[in-house]
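Some notes on the structure that comes next.
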Amino acid sequence: MATISKLSNPNPAVSLSSSFKPRSSSSLKCFVRFPATAAFNSKLVSSSSLSFPNHNPFRDSLVVRCSLVDGNGSSVKRTTLHDLYEKEGQSPWYDNLCRPVTDLLPLIANGVRGVTSNPAIFQKAISSSNAYNDQFRELIQTGKDIESAYWELVVKDIQDACKLFEPIYEQTDGGDGYVSVEVSPRLADDTEGTIEAAKYLHKVVDRPNVYIKIPATAPCIPSIKEVIAKGISVNVTLIFSLARYEAVIDSYLDGLEASGRSDLSRVTSVASFFVSRVDTLIDKMLEKIGTPEALDLRGKAAVAQSALAYQLYRKKFSGPRWEALVKKGAKKQRLLWASTSVKNPAYPDTLYVAPLIGPDTVSTMPDQALQAFIDHGTVSRTIDTNVSEAEGIYSALEKLGIDWGYVGSQLEDEGVESFKKSFDSLLDTLQEKANSLKLISL
């Protein structure tokens with residue numbers, strides 16, 4: 001497992017079994033899924049299995065599964081994701097969404113407790129699949145314009161996913177089981193437009209366990225306050241710096257206080273703190289500096305900053321101001337680790353998951369990171385085990401001339417621009433599909 005002090009020397013530990021301890025009255029049964037190309041033809045050693053669709057992202061890996069068989073004969077499938085939540089209080093979410101949403105069912109059975117989406121995810125899903133064609137054709141034939149049709153496609157996926165996660169939402173009394181949908185990336189500089197878009201999406205999705213994603217750009221910080229004040233739960237996204245993260249927390253607290261509600265228990269939020277992209281940018285800066293000290297800090301900046309973000313979280317959600325809100329049922333705005341896939345193949349594939357485990361947090365993982373952590377992740381509280389070292393790394397980077405404010409602004413600009421390009425590209429693709437449909441109908 002990676003630690004803050006060893007991030008530049010990858011050597012991930014590999015474990016082929018879950019770490020849970022079966023109860024004495026239970027028996028343990030294990031089975032193995034082999035790669036699809038193996039002679040076993042992807043069959044399972046045990047007759048007890050969790051069947052994945054043929055195109056499931058886990059199909060090509062060797063994964064050990066264990067089932068806890070109770071005295072009544074029913075089996076409860078266990079993975080490291082279950083242990084992550086039950087032992088350390090961190091909720092594993094899946095950073096992807098496409099049709100059919102029923103593909104999420106085996107992931108839920110494996111311990112996934114929520115879903116995040118963004119314009120890039122929908123761009124890939126809709127442009128590379130025929131699963132949306134029938135609904136899109138109907139929408140165009142009824143006179144919908146391209147962008148309106150796009151939002152209807154998205155809303156249906158979000159509603160269907162919310163339905164799948166509703167049992168988790170109910171079981172946790174609104175603590176988990178959320179599905180996130182983002183406002184148009186074109187609104188990143190539009191305070192009022194973002195507020196109106198959030199209200200619209202909240203109304204049309206009409207599910208208690210939907211999170212409306214709002215970017216943490218300076219113009220949208222006031223939007224977050226207003227949307228929270230209106231009782232709409234929010235996933236604040238594209239957070240890249242400690243300063244901006246503190247502004248996000250304050251906007252959440254301001255919104256709760258401004259709501260005037262006596263019961264705040266159903267207004268919740270997560271703050272999506274991006275991880276891997278920080279290393280991607282800072283590593284390049286360190287390589288340009290080129291000194292041994294600079295090169296030794298590669299792969300350490302992102303986790304160090306995240307560890308300090310968790311300390312800020314603990315500080316802000318304590319004290320008299322927060323306790324007054326708790327009396328009205330307020331829930332903490334949980335930290336959500338986003339951008340958890342490894343961009344540098346030299347780093348451990350669980351680099352942005354394993355060192356960031358801690359209570360009251362969320363880790364949203366795309367296919368690569370999720371598969372890696374299920375396969376050989378280690379469940380242990382790590383987020384605050386090396387705080388002093390994280391502070392040292394953060395300061396050492398500053399002394400080398402790394403401007404954390406610049407890093408945050410640059411990554412925010414790149415993130416917003418990337419989502420805009422994905423959004424525009426998808427609308428162009430849908431326009432081409434609409435043109436084809438019109439030609440066929442002539």
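At-a-glance table
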quantity: Residue match in the range 373-386 (condition: out of contact with any Phe, Trp or Tyr (no Cβ under 6 Å at 6 or more places or on another chain), without any contact (Cβ under 8 Å) to a residue 60 or more places away in the chain and assigned by TED's automatic domain parsing to the domain that holds SER91); calculated: no
quantity: Any chance GLY260 is out of contact with any strand residue (DSSP E or B) (no Cβ under 9 Å at 6 or more places or on another chain), buried (at least 20 other Cβ atoms within 10 Å of the Cβ) and assigned to a loop (DSSP other than H, G, I, E, B); calculated: no
quantity: Residue list for the range 272-300, restricted to those being assigned to a loop (DSSP other than H, G, I, E, B) and crowded, with 20+ Cβ neighbours inside 10 Å; calculated: VAL275, LEU297, GLY299, LYS300
quantity: Top-ranked residue of the range 167-184 - restricted to ones that are in contact with a Lys or Arg (Cβ under 8 Å, 6 or more places away or on another chain) and over 16 Å from PRO92 (Cα atoms), ranked as surrounded by the fewest Cβ atoms within 10 Å (Cβ to Cβ); calculated: VAL183
quantity: Selection from the range 109-157 of residues that are outside any helix (DSSP H, G or I), closer than 16 Å to LEU437 by Cα and in contact with a helix residue (DSSP H, G or I) (Cβ under 6 Å, 6 or more places away or on another chain); calculated: TYR132
quantity: Matching entry among VAL303, VAL342 (being assigned to a loop (DSSP other than H, G, I, E, B) and not hydroxyl-bearing (Ser, Thr, Tyr)); calculated: VAL342
quantity: Test for THR172: is it without any contact (Cβ under 8 Å) to a residue 24 or more places away in the chain and hydroxyl-bearing (Ser, Thr, Tyr); calculated: yes
quantity: Residue within the range 315-330 that is within 20 Å of SER262 (Cβ to Cβ), aromatic (Phe, Trp, Tyr) and not in a loop (DSSP other than H, G, I, E, B) present; calculated: yes
quantity: Sole residue being under 27 Å from ASP413 (Cα atoms) and either loosely packed, with under 15 Cβ neighbours inside 10 Å or charged (D, E, K, R) (or both), chosen from LYS332, LYS316; calculated: LYS316
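The values are calculated or read from the model by the stated rules, or taken from the named source; none is laboratory data. Because the structure is a prediction, the values reported are computed rather than measured. Heads up, the Cβs are rebuilt from the backbone with ideal geometry, glycines too, and the neighbour counts pull from every protein chain shown.
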